[in-house]
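One structure below.
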Amino acid sequence: MADFLTVALVCASTLAAPDCSRETALDVAIAPAPTPITCLMQGETLAARSGFSRGRETYLKVACERRRTAALRPEVEAR
């Protein structure tokens, strides 16, 4: 399983970059990535393949996130 997720966000140009998130984006695309370098490299490709339009009204922000995994229950770990 990939340890990272590439997250491509299309945000309104009126939104400041620090405020651009999954919750505030106009469009979001997510794909697994095995390494941080792959994550950054595939961000533009992911956005291009998804058909996100980027004009004067929007911009693309690519983020790399570490994949979250559920912790094992203590009774399972003890086995």
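The values are calculated or read from the model by the stated rules, or taken from the named source; none is laboratory data. Remember, it's a predicted structure, so these values are computed and weren't measured experimentally. With ideal geometry, Cβ positions are generated from the backbone for all residues, glycine too; neighbour counts draw on all protein chains shown. Areas reflect the complete protein model, heavy atoms only, side chains present, ligands, DNA and RNA absent. Shrake-Rupley method; radii C 1.70, N 1.55, O 1.52, S 1.80 Å.
Search the range 18-41 for residues that are over 16 Å from Arg66 (Cα atoms) and in contact (Cβ under 8 Å) with a residue 12 or more places away in the chain and pair each with any residue that is assigned to a helix (DSSP H, G or I) and open to solvent by less than 70 Å² (accessible area, probe 1.4 Å) when their beta-carbon atoms are under 8 Å apart and the residues are at least 6 apart or on different chains. Matching pairs, first to second residue: Asp27/Ser50. Taken over the range 16-50, residues that are under 14 Å from Ala2 (Cα atoms), surrounded by 14 or more Cβ atoms within 10 Å (Cβ to Cβ) and among the polar types (S, T, N, Q) amount to 2.
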